[in-house]
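Comments concern the structure below.
The values are calculated or read from the model by the stated rules, or taken from the named source; none is laboratory data. Quantities reported herein were computed from a predicted structural model and do not represent experimental measurements. Methodologically, a virtual Cβ is constructed for each residue, glycine included, from the backbone with ideal geometry; neighbour enumeration extends over all protein chains shown. Each accessible area value is taken on the protein alone, full model and side chains, heavy atoms only, with ligands, DNA and RNA left out. Shrake-Rupley method; radii C 1.70, N 1.55, O 1.52, S 1.80 Å.
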Amino acid sequence: MESSDFKPYISSDNTSVKEFTVRAVVLGALFGILFGAATVYLALKAGLTVSASIPIAVLAISLGRKFLGTTILENNIIQTTGSAGESVAAGVVFTLPAFLFLSEGVGQGYFNYFTILMLAIFGGILGVLLMIPLRKSLIVKEHDNLPYPEGTACAQVLIAGEKGGDFAKTAYQGLGFAFGYALLQRVFHVIAETPKWATGVANKYLPAGVVSGEITPEYLGVGYIIGPRIAGVLVAGGVLAWLGLIPLLATVVPADTIALQLTKLGLMDITQTGGRFGWNPVTHSFTELAEAIYRAYIRQIGAGAVAGAGFITLIKTLPTIVSTFQESISDLRNRDKSVAVARTSDDLSLKVVGIGTLALVLLMAVLPGMPGDNFFYKLLIGVLVIVFGFFFVTVASRIVGIIGSSNSPISGMTIATIMGTALVFIGVGWTGKVFEPMALVVGGLVCIAAANAGATSQDLKTGYLVGATPRYQQIALFIGVVVSSLVIGFTVLYLDTPTPEQAAAGIQHAIGETYNAPQATLMATLIKGLLSFSLDWQFVLVGLFIAVTMELCNVKSLSFAVGLYLPLATTLPIWIGGALKGLTDWMAKRKGEETEDADLGKGSLFATGLVAGGALAGVIVAILSVRLSTQLSTVSAEHGLKEALGDGGYDLMGVLFFAALAYFLVRAARKK
């Protein structure tokens, strides 16, 4: 329900504060280019992305406000425009390199600048368009129920920077702690990145059980922001996967069968020793059995769970969606009758949504360079993109409201889209390799749209809290999508250039060699498997019925499904952050004190700083890694520390650093 007593930082009747200015849009576009390029590298290398909104907000305060005198609403436009670059880049990299891996090179002709540019722009704009009529439902009416952690944290950064004093001081303390911690972890490697406890394959009680955690400041901060309840359901899915399903499968499934499944998915070569999972064809064993099972089976089960939970979420949300469209139509009629609309409720018209969506479909059908032999084929692609896009934009926008954009299972939604598209293709008789690029275009566009819709939701949440004008934010997002897309295509193709050694060996693409592109590889494998009738549906259906089971137990299946899909290493530190929030609230109630303010309490502000500092450091390291990877390796202390402390001692030292960071978070929250 909408919070009746909510008041934004800048009131709706205050029209004197500068907002949509040229300097704000230009500075935001420049940040979008920077963060978009960094995201391309990070996503290609490790399949990971870092949310850009909060780092850009910090930069807007530190640079824009200090040197240009920008207002809080201008700073919001800066971060809104810039954030589009990161989200569009993530969607592009997770899917479009799959053109290189389709059957017999059938997709390589589409892996060019023009096609990547058009798909990036179309997908990014679609994500913004479809989010426009959903803003009132998800951002306004669900204000008290959907925290949108990055959006809330971003608003807190902007407000703290505007207020100065203790507000800014607390946020910047968190940022400083996180930045220093992240540099020690990611540059100097004094702190272990992912401490792990694992049982052996031959363990009698829990074979191949793994408990690990990416002990980063941003995960701790996100967990604190979303709170203990959501964080608990999230980690429960990971517990089921890593301490339940994986040990069970390790017991009943032979290693050779797992190896064959991974080979089928294109994740390893069963004839070669070593590789990603430490496979030994002589002894028929893995050194990393838990990871092998996760990639072979759990990811597909998790994708099915996310798809099932997404459908359940859509069904439960339909009444709200219908009422939202009715209100949007009513608003449209009111505008026609010259009825005044409050500045903070002024969205772009539904006419823009309808005309823009129709224009995208027609452009896809007539532009050259798009897969499809004729106008009808391309038109069907456009229709499928709109249908799946509307569904997953709605789902993605709710997911990021729960767990944040950085942890949104966009690849899981893309997998579900590709499955649905393949079923339609099979239904109309479109099977075989010639239709693989067409299926990838649908999945790619929906992936980009869902990724950008998630970021758009966070931006609109930030705007709602600070008192921005939605119309201006939506226009800024369109600009950010177009400008960042111009650079994203160049960056992808630049990184795909093989080294002289690779070229001499006959290798034409660095993607797939230097850069693993794990999501894109999986998408290509799924498309080939579906259109050749060789996909393992049993794993997908197991995930779907896990989601149904959670709903029958009155547990929100979407949070649980996301936890099942993500590694436990991701959800465990988030849960620790949520537990710390529960602890500080309990301590306050025990002493008869009021629990801290959810928006501007000192703990939340410090957590905001943790997210911002960790994300900033992640982006900086990603940029440096493009050209200075050798130099960065020379300053790493990991080898020396492991020699002195042993692997276990090194991991334990990392855990102690993380515990110290948690202590400072609790202390900040309890400070009067």
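Before moving on, here are some points about what is shown:
- Using only side-chain charges placed at the Cβ, +1 for Lys and Arg and -1 for Asp and Glu, the dipole size of region 369-475 relative to its Cα centre rounds to 180 debye.
- Summary of packing: across the peptides 293-303, 233-243, 262-272, the per-residue average of other C-beta atoms within 10 Å ranks them, highest first, as 293-303, 233-243, 262-272.
- Solvent-accessible area assigned to carbon and sulfur over region 61-159 amounts to 58 percent, based on a 1.4 Å probe.
- Taking the Kirkwood radius as Rh and the Cα radius of gyration as Rg, region 110-262 has a ratio of Rg/Rh equal to 1.08.
- Computed from point charges on the beta carbon alone (+1 for Lys and Arg, -1 for Asp and Glu), the dipole magnitude for the chain about its Cα centre is near 960 Debye.
- With 19 Å as the limit, the listed pairs Lys7/Lys169; Lys7/Lys136; Lys136/Lys556; Lys18/Lys141; Lys316/Lys461; Lys378/Lys433 have Lys7/Lys169; Lys136/Lys556; Lys18/Lys141; Lys316/Lys461 beyond it between alpha carbons.
- Distance histogram in 10 Å bins (all Cα pairs of region 1-150, percent per bin): 10, 29, 34, 19, 7, 2, 0
- For region 254-271, 3J(HN,Hα) computed residue by residue from phi via the Karplus equation (6.51, -1.76, 1.60; θ = phi - 60°) reads x, 4, 4, 5, 5, 4, 5, 5, 5, 5, 4, 7, x, 9, 6, 10, 5, 8 Hz, glycine and proline entered as x.
- Solvent-accessible area, 1.4 Å probe, carbon plus sulfur percent, for region 500-626: 62 percent
- For Leu102, the residues 5 or more places off, or on other chains, whose built amide H falls under 5 Å of its own are Gly107.
- Protection proxy ranking, peptides 119-127, 151-159, 195-203, average beta carbon neighbours within 10 Å, highest first: 151-159, 119-127, 195-203
- Amide H to amide H, with H built 1.01 Å from N, Trp279 comes under 5 Å of Gly274, Thr287, counting only residues 5 or more places away or on other chains.
- Farthest toward the positive end of the dipole of the chain, out of Ile270, Ile225, Thr570, is the Cα of Ile225, where the dipole comes from beta carbon charges about the Cα centre.
- Rounded FRET efficiency, nearest 0.05, which uses the C-beta distance separating Leu30 from Leu628 and R0 of 25 Å: 0.70
- ³J(HN,Hα) computed for each position of region 119-134 - Karplus, 6.51 cos²θ - 1.76 cosθ + 1.60, integer Hz, glycine/proline x: 5, 5, 5, 4, x, x, 5, 4, x, 6, 4, 6, 7, 4, x, 8
- With R₀ set to 35 Å, the beta-carbon distance separating Tyr494 from Val655 gives a calculated FRET efficiency near 0.35.
- FRET efficiency, Leu314 to Cys553 (Cβ-Cβ, R0 25 Å, nearest 0.05): 0.80
- Taking 7 Å steps out from each Cα toward its Cβ at Val434 and Asn145 produces label points 4.9 nm apart.
- Solvent exposure of the chain amounts to 38 Å² per residue of accessible area, where only protein heavy atoms count and the probe is 1.4 Å.
- Spacing of the two label points (7 Å from each Cα toward its C-beta) at Glu501 and Asp373, in nm: 4.4 nm
- Using a probe of 1.4 Å, the accessible surface attributed to Tyr110 totals some 60 Å² when neighbouring protein chains are kept in position.
- Placing unit charges on each Cβ (+1 for Lys and Arg, -1 for Asp and Glu) gives the chain a dipole about its Cα centre, and among Val282, Ala644, Val341 the Cα reaching farthest toward its positive end belongs to Val341.
- For region 388-540, dividing the convex hull volume of the Cα atoms by the residue count gives 149 Å³ per residue.
- Taking the accessible area of region 333-476, probe 1.4 Å, and keeping the other protein chains in place, the carbon and sulfur fraction comes to 67%.
- Taking label positions 7 Å along the Cα-Cβ direction at both Lys671 and Gln508, the computed distance is 5.9 nm, reported to one decimal.
- Here the extension length gained between Leu423 and Leu486 equals 19.4 nm, from 0.36 nm per residue of separation less the Cα-Cα distance.
- Per-residue Karplus couplings for region 530-547, computed as 6.51 cos²θ - 1.76 cosθ + 1.60 with θ equal to phi - 60°, are listed in order as 5, 6, 10, 6, 10, 7, 8, 5, 4, 6, 5, 5, 4, x, 4, 6, 5, 5 Hz, Gly and Pro entered as x.
- Additional length obtainable on full extension of the chain from Thr287 to Ser534, 0.36 nm per residue less Cα span: 86.1 nm
- Ordering of 418-424, 26-32, 172-178 by packing [mean C-beta count within 10 Å, highest first]: 26-32, 172-178, 418-424
- Within-14-Å neighbourhood charge of Leu245 [Cβ basis; K, R +1; D, E -1]: +1
- Kirkwood Rh and Cα Rg combined as Rg over Rh, evaluated for the chain: 0.95
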